[in-house]
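Reading through the structure tokens given below for one structure.
The values are calculated or read from the model by the stated rules, or taken from the named source; none is laboratory data. Note that the structure is a prediction, hence the values are computed from the model and not measured. Here Cβ is always computed from backbone atoms with ideal geometry, including for glycine, and neighbour counts include all displayed protein chains.
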Amino acid sequence: MWAEALPASVGGMAITAPIEARPAPCPTGAGIDPRASATAWILGHGLGRLSCEERRLVAVAVRRRRLDGTPSLVVDEGCQVRIRGSLLEGAARSAGLAWLPLTAADLAPYEGGLFRAEPLQSLSLLLRPPTIWAEEEAAAVERRFPRARRFRPERFDVIERYALRLVGPSQRDAVKRGARRIAEQLPLPDVPAASAVVAAACEAVTRDDACCAAAAARQLARFASSDLAARVAARRRPDSPDLRLLLP
């Protein structure tokens, strides 16, 4: 889907990202199991395209992030915020997702070469799905495409393709706002190569509506892979009016 949506390059940097190429498990030394979660699968896709030396550099960057003592505050596929071991709820969660800035740790894997040839993939893990899609929309998708016990790439693909049909002006505008906010923070200290990769992705989605729609669709697939979506879907009755309106 992404390959069909993207132009060949932005600012001289190729940005094509053929989603049909499935990631093979690769011994990265970073403890990444591509079938553990949507995030791990997206990372596995990129790692499977790198040389052994490039994978080693990415693994070093990931380990450095784990050892620096700075835990990520944005968790659960970019859908929740955890502070001092507790998840924020409601308006506090929404404010945190909209406000929390990027860190060098967020970009560290890209500094090692991850997604250098596919910059738009880097934006997949930096946008925050609830800033683009409503909880009710994610819950509706969760009910339409029930998850298994473990993450299934096939389900993610189906949801992503389905989501492309749902993308409208409000979602495209939200993606562009998110990309502009990320771009305004670049370059970050100590990660110049990663900053360039992410900047190319931000430029792509702000200039090209097809890229923007593809990015929005991926964020709904991430949202529908989150614990938050499962929790919202479980507490809402399937005949709730808002959900019936969302299910075609």
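Residues checked against (1) surrounded by 14 or more Cβ atoms within 10 Å (Cβ to Cβ); (2) modelled with pLDDT of 90 or more; (3) farther than 20 Å from V197 by Cα; (4) among the aliphatic types (A, V, I, L, M):
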position: P71; (1), (2), (3), (4): no, no, yes, no
position: A91; (1), (2), (3), (4): no, yes, yes, yes
position: E111; (1), (2), (3), (4): yes, no, no, no
position: L114; (1), (2), (3), (4): yes, yes, no, yes
position: S124; (1), (2), (3), (4): yes, yes, no, no
| request: Return the total of residues in the stretch 200-216 being among the hydrophobic types (A, V, I, L, M, F, W, C) and free of Cβ contacts under 8 Å to residues at least 60 places away in the same chain. | output: 1
| Pick from T39, T16: which is modelled with pLDDT of 60 or more, within 23 Å of C211 (Cβ to Cβ) and out of contact with any Pro (no Cβ under 8 Å at 6 or more places or on another chain)? | T39
| message | Restricting to the stretch 126-147, count the residues that are surrounded by fewer than 19 Cβ atoms within 10 Å (Cβ to Cβ) and not hydrophobic (A, V, I, L, M, F, W, C). | response | 6
| remark: A careful count of residues in the stretch 206-234 that are more than 13 Å from the chain's Cα centre (by Cα) and either charged (D, E, K, R) or farther than 20 Å from E77 by Cα (or both) gives 8
| said: Quick check on this structure: which one of R64, R49, R22, R55 is at pLDDT 75 or above and out of contact with any Ser or Thr (no Cβ under 9 Å at 6 or more places or on another chain)? | reply: R49
| task | Return a yes/no flag: does the stretch 157-164 have any residue that is out of contact with any strand residue (DSSP E or B) (no Cβ under 9 Å at 6 or more places or on another chain) and closer than 18 Å to D76 by Cα. | result | yes
| request: Take the residues in the stretch 156-176 that are touching a residue at least 40 places away in the same chain (Cβ under 8 Å) and either in contact with a His (Cβ under 7 Å, 6 or more places away or on another chain) or of a type in the set (K, R) (or both), then tell me which one is surrounded by the fewest Cβ atoms within 10 Å (Cβ to Cβ). | output: R161
| said: modelled with pLDDT of 95 or more and of a type in the set (G, A, S): which single residue out of A163, A98 fits that description? | reply: A163
| field | helices (runs of 4 or more DSSP H) wholly inside the stretch 130-214 that include at least 2 residues being under 23 Å from D106 (Cβ atoms) and in contact with a Ser or Thr (Cβ under 7 Å, 6 or more places away or on another chain) | value | 169-184, 192-207
| Any pair with Cβ under 9 angstrom, 6 or more apart, that starts in the stretch 32-49 at a residue that is crowded, with 21+ Cβ neighbours inside 10 Å and ends at one that is in a helix (DSSP H, G or I) and acidic (D, E) | L47/E54
| task | Confirm whether A95 is within 17 Å of A196 (Cβ to Cβ), surrounded by fewer than 19 Cβ atoms within 10 Å (Cβ to Cβ) and in contact with a Leu (Cβ under 9 Å, 6 or more places away or on another chain). | result | no
